[in-house]
Amino acid sequence: MNSEEYQALAELFKIFGTPTRLQIMYTLYEGEKCVYDIAGELGMSQSAISHQLSILKQNRLVKNRREGKTIYYSLLDSHVVTIIEQGLDHIRE
């Protein structure tokens, strides 16, 4: 790996280093949801969820789609699912 790849990988792991973001991603692991639903499941404010989703989206871990006035979020792709699953496997061993 070159220095840019090391830096990018370190940044990726930083994003996974926040329990709130992990909770959001795990909630989205179950399927597509809007901010209102995520906030309700996690017992957090919609603004806090929106802020974290923005960070996750900027770092290409989640994607969104608009349906009317509602925006639905989901995990970007199978790579994100794999990272979560591998992390869980590792800590559970």
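The table below gives the values:
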item: Subset of segment 55-73 that is hydroxyl-bearing (Ser, Thr, Tyr) and either buried (at least 16 other Cβ atoms within 10 Å of the Cβ) or at pLDDT below 95 (or both) - its residue that is nearest to LYS14 (Cα to Cα); result: TYR73
item: Hits in segment 1-28 (condition: free of Cβ contacts under 8 Å to residues at least 24 places away in the same chain, among the hydroxyl-bearing types (Ser, Thr, Tyr) and surrounded by 11 or more Cβ atoms within 10 Å (Cβ to Cβ)); result: THR27
item: Residue check, GLY31 at positive phi and either free of Cβ contacts under 8 Å to residues at least 60 places away in the same chain or touching a helix residue (DSSP H, G or I) at 6+ places or on another chain (Cβ under 8 Å) (or both); result: yes
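The values are calculated or read from the model by the stated rules, or taken from the named source; none is laboratory data. Computed from a predicted structure; not experimentally measured. All Cβ positions, even for glycine, are placed from backbone atoms using ideal geometry, and neighbour counts span all protein chains on display.
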